[in-house]
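Inspection log for the structure reproduced underneath, given as structure tokens.
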Amino acid sequence: MVTLRALAPGDAPDLARIYSGASIRYTTGKALTLDQAQEKIRAALARGAENPRAQWSWGILAADEMIGLIALRRRSPSMGTISYILREDTWGNGYATHAAHQVAALAFTTAGLNRLEAMHHPDNPASGRILAKAGFSRIGTADRDTETGTVPYELYALESGA
């Protein structure tokens with residue numbers, strides 16, 4: 001359904017498109033410029049060369065077109081977090097769920113993590129459904145400071161072998 005691949009410098013226009021419009025409604029709320037997208041890719045490539053590695057970022061591809069981004073961040077030796085964003089014209093096709101499944105498998109095998117966590121904005125229940133379909137269980141809320149105040153994000157977890 002989807003494939004994941006490392007980001008490349010030429011992905012900046014696709015990344016800027018992903019981080020625009022409705023796709024950013026529950027993130028920073030600000031579109032990414034082409035220069036910012038290029039810097040995001042440079043930073044991801046630099047983190048990929050670190051040892052030990054603390055972050056992985058992949059482009060989500062459908063039919064060889066980059067439609068999203070998914071990231072895995074190591075928060076402790078045994079726990080990590082995932083985050084994802086898709087272009088709004090690709091929502092509702094199962095792409096994020098499929099990508100989350102792939103990243104969870106990599107987290108538990110390649111990265112050696114035992115637990116993953118993810119959160120979503122309370123006004124974005126579709127993201128919660130994605131996490132549930134990917135095997136995550138809702139475990140509560142986590143307050144996040146935003147430009148408009150503190151927001152209780154929905155918090156999910158997935159344990160290795162679950």
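In contact with a Ser or Thr (Cβ under 9 Å, 6 or more places away or on another chain), surrounded by 14 or more Cβ atoms within 10 Å (Cβ to Cβ) and either more than 23 Å from VAL2 (Cα to Cα) or among the charged types (D, E, K, R) (or both): does that describe ARG144?
Taking the combined requirement at face value, the residue does not satisfy it.
Could you tell me whether LEU106 is touching a strand residue (DSSP E or B) at 6+ places or on another chain (Cβ under 8 Å) and part of a helix (DSSP H, G or I)?
yes
Within the range 85-103, which residues are assigned to a helix (DSSP H, G or I) and more than 18 Å from ARG74 (Cα to Cα)?
GLU88, ASP89, THR90, TYR95, ALA96, THR97, HIS98
Name every residue in the range 57-86 that is touching a strand residue (DSSP E or B) at 6+ places or on another chain (Cβ under 7 Å), open to solvent by 30 Å² or more (accessible area, probe 1.4 Å) and either hydrophobic (A, V, I, L, M, F, W, C) or more than 19 Å from ALA104 (Cβ to Cβ) (or both), in order of residue number.
TRP58, MET79
Using the structure shown, decide if ARG53 is open to solvent by 70 Å² or more (accessible area, probe 1.4 Å), out of contact with any helix residue (DSSP H, G or I) (no Cβ under 6 Å at 6 or more places or on another chain) and not in a strand (DSSP E or B).
Answer is yes for this residue.
Would you mind telling me which numbered condition in (1) on the phi < 0 side of the Ramachandran plot; (2) open to solvent by 20 Å² or more (accessible area, probe 1.4 Å) ALA100 fails?
For ALA100, the exception is condition (2).
Restricted to the range 147-162, and to residues that are in a loop (DSSP other than H, G, I, E, B) and farther than 18 Å from TYR26 by Cβ, which residue is least open to solvent (accessible area, probe 1.4 Å)?
Residue satisfying both the conditions and the ranking: SER160.
Pick from ALA62, ALA31, ALA12, ALA16: which is in contact (Cβ under 8 Å) with a residue 12 or more places away in the chain and within 24 Å of ARG144 (Cα to Cα)?
After ruling out the rest, the residue left standing is ALA31.
Please enumerate the residues belonging to the range 1-42 that are surrounded by 13 or more Cβ atoms within 10 Å (Cβ to Cβ), under 22 Å from ILE82 (Cβ atoms) and among the β-branched types (Val, Ile, Thr).
Listed by number, the residues that qualify are VAL2, THR3, ILE18, ILE24, THR27, ILE41.
If I filter the range 109-141 down to residues being in contact with a helix residue (DSSP H, G or I) (Cβ under 6 Å, 6 or more places away or on another chain) and either in a strand (DSSP E or B) or small (Gly, Ala, Ser) (or both), which single residue comes out as surrounded by the fewest Cβ atoms within 10 Å (Cβ to Cβ)?
HIS120
Is it true that ARG87 is more than 19 Å from HIS121 (Cβ to Cβ) and basic (Lys, Arg)?
Answer is no for this residue.
The values are calculated or read from the model by the stated rules, or taken from the named source; none is laboratory data. For clarity, every value in this text was computed on a predicted model and none was experimentally measured. In this analysis, Cβ positions are derived from the backbone assuming ideal geometry, glycine residues included, and neighbour counts consider all displayed protein chains. We work out accessible area using only protein heavy atoms, side chains counted, and drop any ligands, DNA or RNA first. Shrake-Rupley method; radii C 1.70, N 1.55, O 1.52, S 1.80 Å.
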